[in-house]
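Read the structure below first, then the notes.
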Amino acid sequence: MTAPIALVDCNNFYASCERLFQPKLRGQPVVVLSNNDGCVIARSNEAKALGIEMGEPWHICRKRVDTQGIIVRSSNYTLYGDMSARVMRVLEGFSPDLEVYSIDEAFLGLAGFESRLDAHAREMRATVLQWTGIPVSVGIAPTKTLAKLANRTAKKTPESGGVLVLLTSAEQEAALERVELTDLWGVAHRMAERLQAIGIKNPLDLRQADAKFVRMHTSVVMERMVLELQGIPCISLEEAPPDRKMILASRSFGRRVTTRRELEEAVTTHTARAAEKLRRQNLACGRLTVFVTTDKHRPQDRQYAAERSVTLPVASADTGKLNHAAMRALDALWRSGLEYKKAGVMLLNLVAADTVQGGLFDRPDDPKAMARMRALDALNAKYGRGTVTFAAMGRKPGWKLRSDFISPRYTTAWEDLLTV
Amino acid sequence: MGRYSVSRKGMGGRQPGEATKVVRLPLRVATIARRIAEGSLRPGDLNAFFNVEARSNVTVPLMASPAACGFPSPADDYLDRPLDFNELLISNPSATFAVRISGDSMNGAGLFPGDIAIVDRSLSPFNGCVVLALIDGEFTIKRYRVKAGGIVLQAENKAFKDIVIPEDSAFEVWGVVKHAIRMF
């Protein structure tokens, strides 16, 4: 048998982080809003029971939330990021093979623990809960897809104590019987319809299907899914995170933006953020895309959404050069008389900064300019974001992010500590 | 020398007229004994003696002088890591949290309003330790006592009464208070 894989998933992670420092929120329905208080991105079990849906726009569910006594928080990514790092560090102590999959999930390879999987998982769960205060669920199975299923089943079955091991065929089939196709990891609604069209009605059918037949009618991804469901691992543990294909910086505005000057400030700010991320990973980008949209939730307004890309002559990580390109893209995008809701910058064609080739007329980033960028990044890292900025980013912009219900940064700012 | 100067060679060591004795010591101990006699003992010397390990990344000076030429610096043999407060205050980073004290119920234990208490969640509470506890959803810092009648939370200030935890109450130890920091 291949080494078992565990999926550890934090229960209602954002709500759990909020509750750790605000115990009054325990047992209460809590929702967390996305950046800029746009829509619901996390719900406590109590809020789920009240029928609040994932992704509901805040301005639509606001009334309902107010009358039902639901507690609202703006997302506090500083806090969630720190708590996530703590959870992952505790998990590292339980297996040398850890793949952080998202802010609240990690896969662990459990080779060598075969004889005591259940006990190991329960110990892991208890330690994470005691040390960090975050409740987690653990699903263990021979493949990632089945581990996801085990985790989901553990969460929905209170008597499991948050841990479920699916090693035998009988255990796996019993769990598969209780879910729908769309509950499987990576099966979207449209794919489920295509599967049903070829006679695969449920996850058990999919497990028993002929992998080649499924591939013929759908894709190689579904062929892998069949094998994974049969307990044959096709998606391996990636210990080193894959190289990034794209870097994105985008935000909705706190209020609608109508002037070109403000839109330029926002795009420059996003470019600077994205370029900082780029340099942190020692990358350079060969292409930059700027996009803007109006508010699609206001059908009475004139609507506009557009993007423009600029290919750089030579890949660069210099904020100055990238911003020059971004401003050229914005030149082509700008329409006056509109109320803009969101703007963003995407950096594409990422390459390692030290392998950039010069062209006949253009040279790679000047070492002096890059030294300046490193100094800029170091100052902003040491004295806080925004210490040194480009003048074009504007000062105290009015379009800044809205977060009306944000909790303090309990674990990362001295002035925000919990007071007892 | 000025009237207020107390600096004198051999300070911290032998008093004038005090008797001496020749002893044979292992080199490590002898170094420390000599430092004590010279009045130049530093915390780092004891760390090296007890073989304390570094837990966090700090810059470690290797040598004070280039190795190849000239006279070696007389300080080379005595170089040590700079003090690292993380090492002193945080034994389990994943489980360590900081909170600010507001009340004065723990004045007797040296916890005053404005102080920062360092809380370790990985420790289980034991009789006599200071805990950050939750009673009915409210945070409080108190001395943790295990008595015949159950758990008692004691303030260290006569103006506050002991809190006896009833069996069925919503009580939880959030973490154990290990240190406090005060800014003057």
>> What pairs come out if I take residues in the range A:375-392 that are surrounded by 12 or more Cβ atoms within 10 Å (Cβ to Cβ) and pair them with residues that are among the small types (Gly, Ala, Ser) and in a loop (DSSP other than H, G, I, E, B) whose C-beta lies under 9 Å away, six or more apart or interchain?
In response: A:380/A:386
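One line per residue, one yes/no per condition, for (1) at the interface with chain B (Cβ under 10 Å from one of its Cβ atoms); (2) modelled with pLDDT under 75:
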residue	(1), (2)
A:381	no, no
A:396	no, yes
A:405	no, no
A:408	no, no
A:411	yes, no
A:419	yes, no
> Condition test on residue A:86, is it of a type in the set (Lys, Arg), touching a residue at least 12 places away in the same chain (Cβ under 8 Å), surrounded by 15 or more Cβ atoms within 10 Å (Cβ to Cβ) and part of a helix (DSSP H, G or I)?
Replying inline: yes
> Within the range A:185-240, can you find the residues that are without any contact (Cβ under 8 Å) to a residue 60 or more places away in the chain and β-branched (Val, Ile, Thr)?
Replying inline: A:187, A:198, A:200, A:214, A:218, A:220, A:221, A:226
> Which members of the range A:62-80 meet the condition of being modelled with pLDDT of 85 or more and either closer than 29 Å to residue A:158 by Cα or not in a helix (DSSP H, G or I) (or both)?
Replying inline: A:68, A:69, A:70, A:71, A:72, A:73, A:74, A:75, A:76, A:79, A:80
>> Can you confirm whether residue B:150 is surrounded by 12 or more Cβ atoms within 10 Å (Cβ to Cβ) and in contact with a Pro (Cβ under 8 Å, 6 or more places away or on another chain)?
In response: yes
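Kindly provide the set of residues from the range A:125-149 that are within 13 Å of chain B (Cβ to nearest Cβ) and part of a helix (DSSP H, G or I), ordered by number. Walk me through how you get there before you give the answer.
Looking only at the range A:125-149, we keep the residues that are within 13 Å of chain B (Cβ to nearest Cβ), and these are A:126-134.
A:126, A:127, A:128, A:129, A:130, A:131, A:132, listed by residue number.
Can you tell me which residues in the range A:31-54 are closer than 19 Å to residue A:296 by Cβ and either at pLDDT below 85 or in contact with a Pro (Cβ under 6 Å, 6 or more places away or on another chain) (or both)?
In the first step, residues of the range A:31-54 are kept if they are closer than 19 Å to residue A:296 by Cβ; the result is A:33-41, A:53-54.
Across the range A:31-54, the qualifying residues are A:34, A:35, A:36, A:37, A:38, A:39.
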> Of the residues A:121, A:150, which single one is more than 30 Å from residue B:120 (Cα to Cα), touching a residue at least 40 places away in the same chain (Cβ under 8 Å) and crowded, with 22+ Cβ neighbours inside 10 Å?
Replying inline: A:150
> Quick one: in the range A:156-173, which of the residues that are touching a Ser or Thr at 6+ places or on another chain (Cβ under 9 Å) and within 17 Å of residue A:108 (Cβ to Cβ) is nearest to the other protein chains (Cβ to nearest Cβ)?
Replying inline: A:162
> residue A:92: at negative phi and modelled with pLDDT of 90 or more, yes or no?
Replying inline: yes
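Of B:120, B:84, which residue is over 13 Å from residue B:141 (Cβ atoms), surrounded by 14 or more Cβ atoms within 10 Å (Cβ to Cβ), modelled with pLDDT of 95 or more and of a type in the set (Asp, Glu)?
Values: B:84 fails: modelled with pLDDT of 95 or more.
Criteria check complete, one pass: B:120.
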>> Kindly evaluate residue A:263 against the criterion of being in a strand (DSSP E or B) and under 30 Å from residue A:339 (Cβ atoms).
In response: no
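Being within 14 Å of chain B (Cβ to nearest Cβ) and surrounded by fewer than 17 Cβ atoms within 10 Å (Cβ to Cβ) narrows it down to one residue among A:69, A:93, A:112; which is it?
Working: A:69 fails: within 14 Å of chain B (Cβ to nearest Cβ); A:112 fails: within 14 Å of chain B (Cβ to nearest Cβ).
It is A:93.
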> What are the residues in the range A:300-343 that are under 14 Å from residue A:275 (Cβ atoms) and not aliphatic (A, V, I, L, M), if any?
Replying inline: A:316, A:318, A:319, A:320, A:321, A:323, A:324
> Can you tell me which residues in the range A:89-101 are in contact with a Leu (Cβ under 7 Å, 6 or more places away or on another chain) and part of a helix (DSSP H, G or I)?
Replying inline: A:91, A:92
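The values are calculated or read from the model by the stated rules, or taken from the named source; none is laboratory data. It should be emphasised that the depicted structure is a prediction, and the values quoted were computed from it without experimental measurement. Cβ atoms come from the backbone with ideal geometry, glycine included; neighbour counts cover every protein chain shown.
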